[in-house]
Amino acid sequence: MIGYYISLAMRSLRGTPILSALMIAAIAVGVGASMTVLTLNYMMSQNALAHKDDVLYAVQLDSWDPNGAYNRGGRGNEMPWQLTYRDAEALLRSDIPTRQVAMHRFGFTVTLEDSEVRPFVAETRVTTRDFFSMFDVPMLYGNIWNEDADTSPVQTVVLNKALNEKLFGGEDSVGKTVELNGEPFTVAGVIDYWNPSPKVYDLNNNPFSDSEEIYIPFGLHRKFQIYSWGNTNGWNSPDPEVEGYEGHLLSESVWIQFWVELDNDTRKKEYENLLTGYIQQQKEQGRFQRPLKFGLTRPSEWLVLNEVLHDDNRVLGWASLAFLLVCVVNAVALLLAKFLRKAPEAGVRRALGANRNAIFIQHLIESSCIGVLGGLIGICFALLGLSGIRMLSMGQIDQIASMDWLMMLAAIGLAILASLLAGLYPAWRISRTNPSIYLKTQ
Amino acid sequence: MFELKPMLSALWRNKVSAMLIALQLALTLAIVSNATAIVQDRLTSMARPTGMDVDNIIAITFMPVPKDYDMAGAVRADLDMMRSMPGVVDASVTNHIPVSGSGSASSFYLEPNAQIGDLDGNYYQTDPHFINTLGLNLIAGRNFSDDEMHVIGSNESFIGSVIIVTQQFADAAFPEGDALGKFLYHGSKDNPMEIIGIVERHLGAWPSWALAGNVVFHPLLVEGNHKRYLVRTEPGQRDAIFKQLEDKLAERDPQRVIHLETLSEKLASTHVSDNIMVKVLSAVMTLLTFIVALGIVGLTIFWINQRAKQIGIRRALGATRANISRYFLVENSLIAGTGLVLGTAGALIINQLMVSEFSQPVLSLTILAVCAILLFAVSLAAALMPAMRAANISPAMATRSI
């Protein structure tokens, strides 16, 4: 029966080409616009660490100015997003967390001896070795550096797959040497393609930028006098007693991102006690003059706290849904017009024995045909819309402005839902008409 | 004269369709007026003057490869080389590229050793050529002199004795308007910094920052592991110079990585999110209006077909073509009017949410009124063609039975 209804529906669509085209266009444009925006919002709301959400925590300590709370344009929880180097160094000594990562963004010039490759700057992450296991970074060749490199200067480096291809043609480069800022570094390992977006482990700069090309151990700060290439925020002038780079490391500037992995609630309690104890001990030394406060935030909450999905994105999401609603209302009006025009046909079918339900279902199927067609065209519109967004964003969000199969299915689903919703009243209305009127006039 | 009574009773018979049209217009007005408010807000913010000759400036970042590098020497040699190039107006060194979204800010105080009462300002470490290079307008005082320029290592701390500030920052610090010759301090330090000059405007690093335009310039070169230059060219020469610069800089010293961008590119990429908002909302508004107009056309045609016989009777009874057209136009106006009144209420309610939940701009009544009038005009235009067609229905229709 359904096959028959579908063929009836197609015939009826062809019977009123302009009206049908208008309805299909309305659904297609509505679905296209809303799927463009919803795809962006969906991709921006991804959490690459969802499977570790109950064990990973971003650590914050309120080491800020006693005269005023930390404030980044009204965002966040009034605590600095990052730690000072000295606090990170102190927390790293704890053995409560299963894994812990202290890190920040940096950049090195890369040169390769006897090579055609011109010197270039590589996005770098300076980090402790737990980074790779904590964030599930897949290894392609070799291994990560040893533990001692986290505290003492060992010139070793982990490359990402793309950089290994650029420098060594993709072969196993473990043990080879690259020059970073003119100094030799031994390749310890190469990671496979890994590019979580949003970059939940460091949301400070562009949360949709690519993950870093090279990774070096945390023990190299003093040797290379490394400053952060991410954000460094301070509130007082450094102690004039300690000069030079050491002064920067001992200063109250925050620039180190810190994550811990705490396996269960007991561990978490212990770690909270440790942080409380640490802050109290620092208070005795005259630091941490604000009320005692620290933060342990899960990845999912960290994404919300950092407002990865902007208010603007939410506004666009609602605007596109409202747009789809107008398209649906529009389709209701047009379907009503179309069905009423064909009321005599329905009257004849009723008179020949079709019951109200049959008429109702036949017309609903006709409207879902419109939905499927509109949805298919809508996907094309959404793809166009996304490529438009990619162009407008000048490469800043390339990674997320693309549609996966799930979103395509969602688009068809949305289109069918919209058209069913649109068809409900007109189909009901036509199924209630009295056949005798039409039989008389014919 | 407008045949309101029969019209209303006819509308009542078609109440669902009429309501659907009114509802569409109401929703459209609510969306379009709020979207317009947002678009207008973003356009205003993007159109803010930067104070700089953005179109003719090239920004260069370079990073030397060797570890012990004579940064001060390299900067001097590069700047001399670039300034002597034909087509180059001037060049200067800077710690950050303006309007790029990355920069430095610091707190400034009116009293020495102060802890509270600070003013936040975006700061640049640059040289005496910055005014000419950026095309800034020095409105009071003087520029830095060459002997006020200092070079320090990246780990040294140093506070110079002179600064130049923007007019906006000068007014924020000294509301009386007598900033020139006054002193500012860094927190917990007692070195005075004299304001020796005031430039009219410089938007700073972050155009969307609440304090954008509060900018302070220091005559200082901090040797670090990378440095930046700004180069201003004669109008129209930017792209030609851009091509030459990369080779010339690499030729002078190949032991480094050089990255060139134009300042207009930087500014555009800083405005990306505002630009996306403007473009997407404009597209939504246009499509929405178009869809609603098509809906009105479709429905009016349908009504007219349905009532063709009645129209024929009216014509046979003496109604002129104008009467018939007017009937449909007035009917449409009634529906549109109802919809727009509902839409006004909807727009105001939605705007409340936009302001409180999503920190968007307040919808002004002017925007609301303009949007309502435009939508009314669109709905009339959409009804016009079918109404004219209705007027052409022949009185003979009255004699036929469908």
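The values are calculated or read from the model by the stated rules, or taken from the named source; none is laboratory data. A quick note: this is a predicted structure, and the numbers were derived from the prediction, not measured. Note that we place each Cβ from the backbone using ideal geometry, even for glycine, and neighbour counts take in every protein chain shown.
Can you name every residue in region A:196-234 that is under 25 Å from the mean Cα position of the chain (by Cα) and β-branched (Val, Ile, Thr)?
A:Val200, A:Ile214, A:Thr232
Report every pair of residues separated by at least 6 positions or lying on different chains whose Cβ atoms are under 8 Å apart, first residue within region A:11-40 and within 11 Å of chain B (Cβ to nearest Cβ) and on the phi > 0 side of the Ramachandran plot, second surrounded by 21 or more Cβ atoms within 10 Å (Cβ to Cβ) and acidic (Asp, Glu). That search, which allows pairs on different chains as well, returns nothing. Among the criteria (1) more than 11 Å from every other protein chain (Cβ to nearest Cβ); (2) touching a helix residue (DSSP H, G or I) at 6+ places or on another chain (Cβ under 6 Å), the one B:Leu317 does not fulfil is (2). Each residue in region A:252-270 was checked for being touching a residue at least 12 places away in the same chain (Cβ under 8 Å) and either outside any loop (DSSP other than H, G, I, E, B) or not assigned by TED's automatic domain parsing to the domain that holds A:Asn67 (or both), and 11 pass. Every condition in (1) within 14 Å of chain B (Cβ to nearest Cβ); (2) of a type outside the set (Ser, Thr, Tyr); (3) closer than 19 Å to A:Ala28 by Cβ holds for A:Glu366 except the one numbered (1). Is region A:235-251 home to any residue that is in contact (Cβ under 8 Å) with a residue 12 or more places away in the chain, in contact with a His (Cβ under 6 Å, 6 or more places away or on another chain) and either part of a loop (DSSP other than H, G, I, E, B) or closer than 17 Å to A:Arg105 by Cβ (or both)? No. Out of all the residues in region B:197-207, is one or more under 28 Å from B:Asp70 (Cα atoms), part of a helix (DSSP H, G or I) and either among the charged types (D, E, K, R) or under 32 Å from the mean Cα position of the chain (by Cα) (or both)? There is no residue in region B:197-207 that is under 28 Å from B:Asp70 (Cα atoms), part of a helix (DSSP H, G or I) and either among the charged types (D, E, K, R) or under 32 Å from the mean Cα position of the chain (by Cα) (or both).
Considered as a group, the residues in region B:144-191 that are polar (S, T, N, Q) and not in a loop (DSSP other than H, G, I, E, B) include one that is surrounded by the most Cβ atoms within 10 Å (Cβ to Cβ), and that residue is B:Thr166.
The condition of being within 20 Å of B:Phe130 (Cβ to Cβ), crowded, with 17+ Cβ neighbours inside 10 Å, more than 9 Å from chain A (Cβ to nearest Cβ) and among the β-branched types (Val, Ile, Thr) holds for B:Val231. If only residues of region B:245-276 that are assigned to a helix (DSSP H, G or I) and polar (S, T, N, Q) are counted, the one that is nearest to B:Gly204 (Cα to Cα) is B:Thr270. Here B:Val93 fits the description: within 20 Å of B:Leu138 (Cβ to Cβ) and in contact with an Asp or Glu (Cβ under 6 Å, 6 or more places away or on another chain). Among the residues of region B:61-90, just one is among the aliphatic types (A, V, I, L, M), closer than 22 Å to B:Ser154 by Cα and assigned to a strand (DSSP E or B), namely B:Met63.
If I ask for residues that are part of a loop (DSSP other than H, G, I, E, B), aliphatic (A, V, I, L, M) and surrounded by 15 or more Cβ atoms within 10 Å (Cβ to Cβ), which ones from region B:1-60 would you list? If you could, list the steps in order and put the result at the bottom.
Quick first cut of region B:1-60, residues part of a loop (DSSP other than H, G, I, E, B) only: B:1-3, B:14, B:47-53.
This time we only want the ones that are aliphatic (A, V, I, L, M), so: B:1, B:47, B:52.
Answer for region B:1-60, where residues must be part of a loop (DSSP other than H, G, I, E, B), aliphatic (A, V, I, L, M) and surrounded by 15 or more Cβ atoms within 10 Å (Cβ to Cβ): just B:Met52.
Restricting A:Val154, A:Val158 to residues that are touching a strand residue (DSSP E or B) at 6+ places or on another chain (Cβ under 8 Å), over 28 Å from A:Leu292 (Cβ atoms), away from every other protein chain (no Cβ under 14 Å) and in a loop (DSSP other than H, G, I, E, B) narrows the list to A:Val154. Applying the criterion of being buried (at least 19 other Cβ atoms within 10 Å of the Cβ) and hydrophobic (A, V, I, L, M, F, W, C) to the residues of region B:264-278, the residue that is farthest from the other protein chains (Cβ to nearest Cβ) is B:Leu267. Taking region A:322-351 as the range and being touching a Leu at 6+ places or on another chain (Cβ under 8 Å) and either more than 7 Å from chain B (Cβ to nearest Cβ) or over 19 Å from B:Thr286 (Cβ atoms) (or both) as the test, the residues that pass are A:Leu324, A:Val328, A:Val332, A:Ala333, A:Leu334, A:Leu336, A:Ala337, A:Lys338, A:Gly347, A:Val348, A:Ala351. Based on this model, can you work out whether B:Ser379 counts as without any contact (Cβ under 8 Å) to a residue 40 or more places away in the chain, closer than 30 Å to B:Ala37 by Cα and out of contact with any Ser or Thr (no Cβ under 7 Å at 6 or more places or on another chain)? When the stated conditions are applied, B:Ser379 does not pass them.
When you check A:Thr111 against the structure, is it closer than 20 Å to A:Ser209 by Cα, surrounded by 20 or more Cβ atoms within 10 Å (Cβ to Cβ) and hydroxyl-bearing (Ser, Thr, Tyr), yes or no? No; evaluated as a whole, the condition is false for this residue.
When the residues of region B:279-301 are filtered to those that are at the interface with another protein chain (Cβ under 8 Å from one of its Cβ atoms) and touching a residue at least 40 places away in the same chain (Cβ under 8 Å), the one that is nearest to B:Met397 (Cα to Cα) is B:Leu299.
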